[in-house]
Amino acid sequence: MDPRFVPHQEPCDRTVQDGEWAGEARAAAGCAGLLLAVALTVEACDSGLNLPAVLLWIALAVVLFVVLLPARVVAAPGRLTVRTLWTRTVVRTDRLATLHWSDGIERRLVLTDVDGGRARIELRVVLANPSLWLLLEADARSSLANGTLGDGVRDLDRLARRVERDTARSVFTISGLH
């Protein structure tokens, strides 16, 4: 056997990522780039480009990109990682202490483990990624069975019903059975 050849082995655990993150990151970069291009074009046509104005528009485009860039969510059995530009939070989903879902304006799922780890993920990420939801729900039910999940059983059940309802609606829509 050729020593340079190393057979590819599948990892033993399932890792699930937010499937829409790359598109949303590209959209954030596109919006920032479009702002920069339009601003520099208008600036050049109006009074000509100068260094302070160019630097200001670049700074504003960078700020827009940072604001629009979504958090990256990666889940594996027993673990959920949420990464932003500057932070990385890890929650042990097999040892959840609380699970809170607010159904108000800010639709986020807040997970806290027994070690104090805390992560917030947007509800749309859970709804758009069924495999992520299934992994998260299985770990939350495991935490409930182990006795670590004390607060959030009601929110978990509400969220499960919401995901099932949205999935059924999608299936009916795709099938043409509105």
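Observations on the structure shown:
- Residue pairs meeting the criteria (Cβ under 8 Å; at least 6 apart or on separate chains; first closer than 16 Å to Val126 by Cβ and of a type in the set (A, V, I, L, M, F, W, C), in region 140-160; second at pLDDT 85 or above and open to solvent by 70 Å² or more (accessible area, probe 1.4 Å)): Leu156/Arg141
- Residue ID - surrounded by the fewest Cβ atoms within 10 Å (Cβ to Cβ), chosen from residues in region 109-168 that are part of a loop (DSSP other than H, G, I, E, B) and at negative phi: Asp115
- Restricting attention to region 54-95, the residues that are in contact with a Ser or Thr (Cβ under 8 Å, 6 or more places away or on another chain) and assigned to a helix (DSSP H, G or I) add up to 3.
- Ala25 being within 25 Å of Arg83 (Cα to Cα), within 22 Å of the chain's Cα centre (by Cα) and surrounded by 13 or more Cβ atoms within 10 Å (Cβ to Cβ): yes
- Region 119-178, residues that are of a type in the set (Lys, Arg), under 22 Å from the mean Cα position of the chain (by Cα) and within 23 Å of Glu20 (Cα to Cα): Arg120, Arg124, Arg161, Arg162, Arg165
- Among the residues making up region 88-102, a single one is open to solvent by 20 Å² or more (accessible area, probe 1.4 Å), of a type in the set (A, V, I, L, M) and farther than 13 Å from Val73 by Cα: Ala97.
- Residues (open to solvent by less than 70 Å² (accessible area, probe 1.4 Å) and in contact with a Cys (Cβ under 8 Å, 6 or more places away or on another chain)) located in region 54-77: Leu64, Phe65
- Index of the failed condition, Ile105 passing every other in (1) farther than 20 Å from Gly19 by Cα; (2) buried (at least 17 other Cβ atoms within 10 Å of the Cβ): (2)
The values are calculated or read from the model by the stated rules, or taken from the named source; none is laboratory data. Computed from a predicted model, the values in this text were never measured in an experiment. In this analysis, Cβ positions are derived from the backbone assuming ideal geometry, glycine residues included, and neighbour counts consider all displayed protein chains. To get the accessible areas, we keep the full protein, side chains included, count just its heavy atoms, and leave off ligands, DNA and RNA. Shrake-Rupley method; radii C 1.70, N 1.55, O 1.52, S 1.80 Å.
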